[in-house]
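We did not get these values from a lab; they are worked out from the coordinates using the rules stated. Since the structure is predicted, the reported quantities are computational estimates derived from the model, not experimental observations. Backbone-built Cβ (ideal geometry, glycine too); neighbour counts: all protein chains shown.
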Amino acid sequence: KNEVEQSPQNLTAQEGEFITINCSYSVGISALHWLQQHPGGGIVSLFMLSSGKKKHGRLIATINIQEKHSSLHITASHPRDSAVYICAVGFNQFYFGTGTSLTVIP
Amino acid sequence: GAGVSQSPSNKVTEKGKDVELRCDPISGHTALYWYRQRLGQGLEFLIYFQGNSAPDKSGLPSDRFSAERTGESVSTLTIQRTQQEDSAVYLCASSLTGRTEAFFGQGTRLTVV
């Protein structure tokens with residue numbers, strides 16, 4: 001069993017749809033990161049969470065420490081949101097989920 | 001600089017040659033991480049530096065891989081006698097303390113031919 005499980009693995013949505021990506025983990029953490037990777041390979045850190053909820057523009061991330069679960073939500077999705085979204089947890093080293101490949105169709 | 005900078009952005013090398021990859025973390029960040037992503041696979045942890053503490057090298061895949069960091073500055077990842085399976089994107093990240101948000105570089109795409 002992987003330390004970090006993401007679902008779904010692939011997701012196709014129509015522009016404007018509300019999107020949820022889930023992350024469950026089994027390791028202890030100091031923080032959970034949501035990352036975005038575009039086709040060129042570059043990675044951008046979207047959020048770092050240790051509790052509660054964070055919002056940045058159309059992106060919302062939540063974490064439930066007791067249930068070891070986090071969700072990333074995208075409201076009013078847009079084709080430029082198409083990317084791989086990766087959940088990462090850990091202390092000195094990060095354990096990564098395998099990523100969720102999101103495609104938003106115009 | 002404003003972000004984590006990695007160089008080169010792309011490197012093609014012949015099998016058996018040594019390569020050196022560089023990471024410039026955000027100024028003042030004490031924690032620095034190296035990761036690798038092989039084609040179609042997830043990110044793999046390689047090594048973690050935290051201040052002047054001994055680095056966590058538990059992710060280095062073989063003794064051909066080594067990394068150095070002087071203080072809280074630049075880090076170099078060296079791969080000796082490269083093999084084709086070393087082809088990957090090598091990513092560096094830094095964070096202020098190791099328990100705060102990590103910022104990722106754009107990666108170095110290494111191709112061993």
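Tabulated data
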| item | result |
| --- | --- |
| Cβ-based exposure ranking for A:His69, A:His38, B:His29, A:His56, in which fewest neighbours within 10 Å come first | A:His56, A:His38, A:His69, B:His29 |
| Distance histogram for chain A (every C-alpha pair counted, 10 angstrom bins, percent rounded to whole numbers) | 16, 51, 28, 4, 0 |
| Taking B:Val89, A:Val89 and counting other C-beta atoms within 10 Å, the order from fewest to most | B:Val89, A:Val89 |
| Fewest-first sequence of B:Trp34, A:Trp34 by Cβ atoms within 10 Å of each Cβ | A:Trp34, B:Trp34 |
| Diffusion coefficient, µm² s⁻¹, Stokes-Einstein with Kirkwood Rh over alpha-carbon pairs of chain B at 4 °C and 1.567 mPa s | 93 |
| Normalised convex hull volume, the protein assembly as shown, alpha-carbon set, Å³ per residue | 122 |
